[in-house]
1. Can you name every residue in the stretch 18-47 that is outside any loop (DSSP other than H, G, I, E, B) and in contact with a strand residue (DSSP E or B) (Cβ under 7 Å, 6 or more places away or on another chain)?
2. Can you tell me which residue within the stretch 121-143, out of those that are free of Cβ contacts under 8 Å to residues at least 60 places away in the same chain and surrounded by 16 or more Cβ atoms within 10 Å (Cβ to Cβ), is farthest from residue 217 (Cα to Cα)?
3. Out of the residues in the stretch 168-221 that are touching a residue at least 12 places away in the same chain (Cβ under 8 Å) and of a type in the set (Asp, Glu), which is farthest from residue 60 (Cα to Cα)?
4. What are the residue pairs meeting all of these: first residue in the stretch 54-79, first residue part of a helix (DSSP H, G or I), second residue modelled with pLDDT of 95 or more and among the basic types (Lys, Arg), Cβ atoms under 9 Å, and 6 or more apart or on different chains?
5. Quick one: count up the residues across the stretch 178-221 that are farther than 22 Å from residue 297 by Cβ and in contact with a helix residue (DSSP H, G or I) (Cβ under 8 Å, 6 or more places away or on another chain).
6. Tell me the helices (runs of 4 or more DSSP H) entirely within the stretch 245-331 that contain at least 3 residues that are among the acidic types (Asp, Glu) and at pLDDT 95 or above.
7. What residue, among those in the stretch 20-30 that are buried (at least 16 other Cβ atoms within 10 Å of the Cβ) and of a type outside the set (Ser, Thr, Tyr), is nearest to residue 252 (Cα to Cα)?
8. Please note which helices (runs of 4 or more DSSP H) are completely contained in the stretch 112-220 and include at least 2 residues that are within 13 Å of the chain's Cα centre (by Cα).
Amino acid sequence: MSKVMPGTGGEHYVPYSQRGGEESVVYFTRDLSAEGLRKISALVDKKITGKVAVKLHTGEQHGPNIIPRPWVESLIKSDFPQAAIVETNTYYEGDRYTTELHRKTLEVNGWTFCPVDILDSEGTVMLPVKGGKWFTEMSMGKNILNYDSLFVLTHFKGHTNGGFGGSVKNIGIGCADGRVGKGMIHTVEGSDNLWSINNEEFMERMTESAKAVVDHFGENICFVNVMRNMSVSCDCEGLGAAPVVTPNIGITASLDILAVDQASVDMVYALSEKDRHDLTERIESRHGHRQLSYMKELGMGNNRYRLIDIDNGNNEITASDAVKGVVPFKG
C-alpha cells in the first residue's frame, strides 16, 4: 500500500489569512453559459497562439455533468477555429480504454465539431519533471509535442482519488498516457492493485506530472475552471457518478494554475456547511489539499490571489462575496 506522507496536511484546509507570499490574478464570473465562458476566457488567452490544444475532459458515454458541448463549441469556433480538443486514453477498462473505443465515445457525446486528438494514439514521449521527488520525467501522449499552446478547460468537481479535480488533475492525469504515465501516478511498481498509490503521495505524483506540462508550454498556457454540476465523483464515472448536491458557483480563470485551483476550492469552502459538506468531506478524506500545498512547494504559482469579479465592474472580491446568493442545486 502507498504510505501517507507525514506533516504535509493534505486533509486540512488552510484559510486565506494563514497563507503567505505573492498574489496572482484570478477572474470570476457567475455567468454559467457559453457567453460567460467566452467572456472570461478572453481575459487569459492572449498568449494562446499558434497551434492550439484545448485540454478537456470529454467524459464517458452520456456522462451527465461534463461541461456542456455547445459552450465548448461556441468558444472554439469563435476564438480558436483551428484548435483541437486533446485527450488521452484511460488507465481503467471502459469506454475510453483504447483509441477505437475512445473515438466511439467522443462521437456518442457529440465531440464532432472540431478535431479531437487522442494524444497517446501514436505513442508516448517523456517530458522532464523539474524539482520533483518522485519523478525526473513523465510519460505523456506523444502528440502533445505538436502544439504551441494549451488552453486548460476544466470541469471542477470532486474526484474519487484526488478529492477534487481541478486544473492540476486535468493535465496531470489527463495528459499522461493511458498505460505508462497514468501507471506511474496511480500504481506501486509491481502491484496488482491499479489504485495502490493514494493520499499525499498520489497528490504529489499527479502534481509533478502537471508540472511537466506547465513547464513544457511556459507562457503559452492558461486555466479555466467551470464550477457547475459538481458531484463528488469525477466525470470518468459517467452515469455512475454520485448525485450533485453542491450549488453551482461560476467560472474562474487565471494564468496561474495554483491560484485558479485554490480560488475554486476557497469558493467551495465559503459555501454554507450544508451546501459544502459532501464535497469538502471528499477533499479532506482523500488529502486533496496536498495538491495545492505541493504546487506551491514546486514553485508552480501562488495560493494568494486578487479575485476580480468581471460581472460587477472588475471589482476585487473575496471567495465569500463570490458565493453570496447561490441557491441549492436543483438537479
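The values are calculated or read from the model by the stated rules, or taken from the named source; none is laboratory data. On a predicted model such as this, the values are computed, not experimentally measured, just so you know. When we count neighbours, we look across all protein chains shown, and the Cβ atoms used for this are built from the backbone with ideal geometry, even at glycine.
1. Narrowing the stretch 18-47 to residues outside any loop (DSSP other than H, G, I, E, B): 18, 23-29, 34-41.
Result: 23, 24, 25, 26, 27, 28, 29, 36, 37, 39, 40, 41.
2. Initial filter on the stretch 121-143 (free of Cβ contacts under 8 Å to residues at least 60 places away in the same chain): 121-126, 136, 139, 141-143.
Keeping just the survivors that are surrounded by 16 or more Cβ atoms within 10 Å (Cβ to Cβ) gives 121, 124-125, 139, 141-143.
Numbers: 121: 21, 124: 17, 125: 15, 139: 16, 141: 15, 142: 14, 143: 13 Å.
The qualifying residue farthest from residue 217 (Cα to Cα) is 121.
3. Restricting to residues being touching a residue at least 12 places away in the same chain (Cβ under 8 Å) and of a type in the set (Asp, Glu), the top hit is 219.
4. Every condition considered, the pairs that remain are 71/38; 74/38; 75/38; 78/38; 79/38.
5. 3
6. Numbers: elements: 257-270, 273-285, 290-297, 319-323.
Ranges flagged: 273-285.
7. Of the stretch 20-30, the ones buried (at least 16 other Cβ atoms within 10 Å of the Cβ) are 24-30.
Now drop any that are not of a type outside the set (Ser, Thr, Tyr), which leaves 25-26, 28, 30.
Values: 25: 10, 26: 7, 28: 5, 30: 9 Å.
The qualifying residue nearest to residue 252 (Cα to Cα) is 28.
8. Details: elements: 167-172, 181-186, 199-217.
By residue number, 167-172, 199-217.
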